[in-house]
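Here the structure comes first, spelled out in structure tokens, and everything after it is commentary.
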Amino acid sequence: MNFRSRNIFSAFPRITILFALIIIAAISNTFYTSFLIKKQKSNNDKINNVINPFISDLDDLKDLLVESKMYSTNWVHLPNEIDDKKELINIHNKRYIALRKKIENYALNNKGQEIINHFNAQKLIVLFYEFDDLFNSQIKITKLLVTFDDYENPKSRFEAEEIIDEEVIPKVKALAGKLSLISSDNKKITNLLIEEIQKDAETISLAIMISSIVKLLFIILAIYFIYYSITKTVIEMNTIIHKLSQGQLPTEVLQPTDNIIGDMAASVNILVVNFTKTSEFANKIEEGNFSSQFNKLSENDLLGEALIRMRNSLFNYSTDLNNKVTERTNEVIEKQNKIEEQKLFYESIFSNIPIEIAIYDIDFNFLFINAVAIKDDELRMQMIGKNYFDYCKIKKYDIDVAVKRYNIFKSVLETGNAVDFEDSHINAKGKEIYHLRKLYPVFDNDRFRYMIGYGIDITDKKEQEIHINESLLEKEALLGEIHHRVKNNLALVTGLIEMQRAKTENELVRNQFAEIRQRIYSMSLIHEKLYKSNNFDKIDLKDYIKDLVEFLKIFFDKTNNIKLHFELESVFVSAKIAVPIALIVNELITNSFKHGLLDKKTGSIYVKLIRIEHEINLCISDTGPGISANFDIKEAETLGFKLLNIFTKQLKGSFEYYNNPGLNVCVKFKADIEKESRTLV
């Protein structure tokens, strides 16, 4: 039976009539309830928007009446109350007029007019006339008592008091009573409206209750009809459809009835039969029977058409897949062979490279060890998954080596930075073996992967280094002894010169011996500084120049009246460089003492040694008379200035001189002259 051809109302006539009746009743109930709710809203608007504001304004008018009585009484009896007088005038001119207009507006408003008609609008007109009469009486008082003289006038005071007692107070009392009566009338109207609202609410509740009962009866009747007319068939259909949804083919057959539910039951029976045919075709496809035939259930059988396409696709795919599996299998075998060859190739490299290589996990356990690190194949395989502590126990090495290596491992793990270090151990023959090692962490997106350890045997290099250090210590000791003996020999030469100088009576010869002695001392002092220092190759010009100048002062300045001023920086140079500098200082200081200051027997000598970038400046000046303007030091024939020129050239430098006011000589030479010292003559 065609489901679309059957009218739902012809299938269920009883429930249709019942449904129509309940709709009519519900619509009628809705209209009636809407009318009552609208009426309630209108009454609420009257109470909230008209009556209550009107009563509130009447109460304000009553308060204004009492205030005017109080302020007019104070006007008579309290002449100094200026604020009360202002308030009374404000009531007359502003407050009363505004409130009166507000109340009169209710008469102009349609809703207000409806309420005012209940108590007669004429009463309001009379009421406002009486208010005007009261205020006229109060105005009389304000005109009688204006100045303090008026208050001193018994006649004016008496008339004002008489107006209060005979006019103001009786009129206020009468007006108050009338206002109370009007308020009372409005409250009665409010109560009547509230009672009417309550009655309408009860009616609405009753209508809703009746409507609910009718709906409940309809629901009960509908349930009764559905339960006995539809439920059984629907439950059976639900069971069958549930099994179909789970992929089962039910064996039950429904008995159709002559209504829409019967049509649905017949459709479900057909659905089960068609699902059975489709399932059988799908099973044949599953078994690989791609030649099985299937007729579509209809032109629009999408599932059948899909199964036919799937059968054809699976057939083609199966053929292609078999070809690709064969091809892919051959490729995998070929790649596996290449991977195995590559693995053996890399293992051969790691095993033959002359570096110990080990890879650790985060717990310091070995993941890989090459044959250089552990030559014994069995032991090397045994150590995988174990740590260096286990290796030390097996090899009977000092456990401190493992502790040191583990501490470095933890440090690298925490910082993420590679570390180079040395360690050593005593081998089975009792020889100490040294290694230079490096731990290098590998991370992947800030996650630790593994630690690579490298190790190179540096035992031969270490032994050579120890031997070189021992030889160096011997040579340093020998060099110190040489410097000491040169210093002693120079001291001996100095002593011989001094002895010869003492035997000579010629003053010129004596002075020449003294100059030779000073020059020899300047060189002797260099050797003394060298053998007393830890470095036999470098000498600090700062200490050396200071000691040399102070020695020359002792020799020349017997009265100790000449002052020395030093501005020296530490500049380290080799002994070959120090010798020409020493002789330059000796000649310049000697010249300052002999020709600049001894005649005066007082004055100062300034010695300055500074380094400016790649240049060293040595400046010596005194406070003597200086040299003649025509005297050229660079062309001078005296031995001292000749030596100055020679040694400056030997340093590959230059010098300048000028009077300021004494002689000022500044020698400049390269700071890196030490690198060129081997070429100096």
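Readers should treat all values here as calculations from the given coordinates under stated rules, not as data from a laboratory. Worth saying up front: this structure is predicted, and the values here are computed from it rather than measured. So basically every Cβ, Gly included, is an ideal-geometry build from the backbone, and we count neighbours across all protein chains shown.
Rounded, prolate or oblate: which fits the stretch 356-435, taking a ≥ b ≥ c as square roots of the Cα gyration tensor eigenvalues, rounded meaning a/c under 1.5, else prolate when a/b beats b/c? Cα axes put the stretch 356-435 in the oblate bin.
Within the shell of other residues whose beta carbon sits under 14 angstrom from the beta carbon of Q382, the net charge comes to +1, with Lys and Arg scored +1 and Asp and Glu -1. In the structure shown, the pairs K608/K649; K343/K429; K46/K178; K642/K670; K338/K395 are assessed against 27 Å; a Cα-Cα span above that value is assigned to K343/K429; K338/K395.
Computed from the C-beta positions of I399 and F555, the FRET efficiency with R₀ = 56 Å rounds to 0.25. Within the shell of other residues whose beta carbon sits under 13 angstrom from the beta carbon of E356, the net charge comes to +3, with Lys and Arg scored +1 and Asp and Glu -1. Using the average count of surrounding beta-carbon atoms within 10 Å as a protection proxy, the listed peptides 387-393, 66-72 rank, highest first, as 66-72, 387-393. The order of the peptides 352-362, 577-587 by mean Cβ neighbours within 10 Å, most packed first, is 577-587, 352-362.
Computed packing ranks the peptides 24-31, 128-135, 646-653 as 646-653, 128-135, 24-31, most packed first, by mean other Cβ atoms within 10 Å. What is the local net charge at K171, summed over the other residues whose Cβ is closer than 15 Å to its Cβ (Lys, Arg +1; Asp, Glu -1)? Result for the local shell: -3. Is the shape of the stretch 13-224 rounded, prolate or oblate, going by the alpha carbon gyration tensor and its root eigenvalues a ≥ b ≥ c, with a/c under 1.5 for rounded and a/b larger than b/c for prolate? It comes out prolate by the Cα gyration axes.
Label positions at N660 and N330, each projected 7 Å from the Cα along the C-beta direction, are separated by 9.6 nm.
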